[in-house]
1. Between LEU214 and LYS33, what FRET efficiency follows from the Cβ-Cβ distance if R0 is 25 Å, with the result rounded to 0.05?
2. Report the gain in length on full extension from ASN159 to THR286: 0.36 nm times residue separation, minus Cα-Cα distance, nm rounded to one decimal.
3. Determine the gain in length on full extension of the stretch LEU64-ASP23; use 0.36 nm per residue of separation and subtract their C-alpha separation, reporting nm with one decimal.
4. Which entries of LYS33/LYS98; LYS272/LYS371; LYS98/LYS283; LYS118/LYS157; LYS116/LYS157 have Cα-Cα distances beyond 18 Å here?
5. Taking region 1-79, which GluC sites (Glu not before Pro) meet the DSSP loop condition and have no more than 14 other C-beta atoms within 10 Å?
6. For region 340-351, what does the Karplus curve 6.51 cos²θ - 1.76 cosθ + 1.60, with θ = phi - 60°, yield as ³J(HN,Hα) per residue in whole Hz, taken in order and with x for Gly and Pro?
7. For region 13-159, evaluate the Debye formula with one uniform point scatterer on each Cα (no solvent term) and list log10 I(q)/I(0) at q = 0.09, 0.10, 0.12 Å⁻¹, rounded to two decimals.
8. I'd like the Karplus ³J(HN,Hα) series for region 227-239: coefficients 6.51, -1.76, 1.60, θ = phi - 60°, whole numbers in Hz, and an x wherever there's a Gly or Pro.
Amino acid sequence: MEQPLAPFSVCNLAAVNLAQMADKETKTVNFEKLRQTVETGVRMQDNVIDATPYFLEENQKQALGERRVGLGVMGLHDLLIYCETEYGSDKGNELVDKVFETIATTAYRASVELGKEKGSFPFLVGETDAETASLREAFTNTGFMKKMPEDIRENIKENGIRNSHLLTVAPTGSTGTMVGVSTGLEPYFSFSYFRSGRLGKFIEVKADIVQEYLDQHPEADPNNLPEWFISAMELAPQAHADVQCVIQRWIDSSISKTVNAPRGYTVEQVQKVYERLYKGGAKGGTVYVDGSRDAQVLTLKAEENTFDEEIEAPKEETKPHVVLVDTINEIRSTDVTIGSEVGNTCPVCRQGTVEEMGGCNTCTNCGAQLKCGL
């Protein structure tokens, strides 16, 4: 869960589209535009608190008392691609660190200014000046606030701050997809995938940012894109975890992030990822091992299913496709039965047959687990 809450607290989430913060000519981040956007976002979300009709008195008391907001992001991977920087690399993590430091410090300075203008959040105001000073001192000495620049901490001690919390990175699955960018802080799962329509037809779709690159570079090979077009399953699980920890340093609440691990990842390897997240300061984490569920929305065609301890990430010569396994239904006219039952033709690769292996209905060719009885 990306938003831990106190009893009767409410979510007030928004997201900055980081794809719009890229200077595509210079291949850099427009930090001034980012700061202006964050300032606007904080003020907007603070206004939402007062404009919201609360149905429960307890919700209203808590929301107006803490004035919690959660400004997050979408399009992080797009920003890195526009900057020609690989997600999960050392260079990429340096840029991510600078971006989220800018977001955090800007948001807190904006909330301090709002506090001067409209007053501090009531839960930070005591019955006496001495009690108020004590509350502000305790607030600025929390683990997160100790990372903030001294001017922010001193201003809070002197003037208070408008919002108790300011930052949360939610998944933005629907909104990110709607505007055509990577969701939340995740890398693209794949740059080429199949999408079903209302008529049951499946069409191959390339991510907008790939098509944009190909339009600008007609000489480019769509099956051999530059290294900054790395997908989620091409990243080592350790790289996923490290990106999350870099971002967590600048998020006062929590974040939504999935560590994608390849099929065959062991319990011991998953344990090491969680230990890495814990040591890196993450407040939580999710590790998803490909093929570990009997029903899986996304899977890779012809995926390599082996993973050795010494090899950090499986890579293929061409970018894999994503297939919506559970909704595939007769893509082409044929007299064979395409499905998940034993004896069917595999709906993923259309070359193997479905056989029971280890309690799961599994393709003999690509190894896709289509139905599991365990």
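Just so you know, all these numbers are worked out from the coordinates, no wet-lab data involved. Because the structure is a prediction, the values reported are computed rather than measured. Methodologically, a virtual Cβ is constructed for each residue, glycine included, from the backbone with ideal geometry; neighbour enumeration extends over all protein chains shown.
1. Numbers: r = 26 Å, r/R0 = 1.05.
Rounded to the nearest 0.05, the efficiency is 0.40.
2. The span from ASN159 to THR286 would gain 41.9 nm if fully extended.
3. Numbers: separation 41, 0.36 × 41 = 14.76 nm, distance 3.81 nm.
Gain on extension, LEU64 to ASP23, equals 10.9 nm.
4. LYS272/LYS371; LYS98/LYS283
5. GLU25
6. Running phi through 6.51 cos²θ - 1.76 cosθ + 1.60 with θ = phi - 60° gives 10, 8, 4, x, 6, 6, 4, x, 8, 9, 6, 10 Hz.
7. Each listed q maps to, in turn, -0.35, -0.43, -0.60.
8. Per-residue couplings from phi come out as 5, 6, 8, 8, 9, 4, 7, 8, 7, 5, x, 4, 5 Hz.
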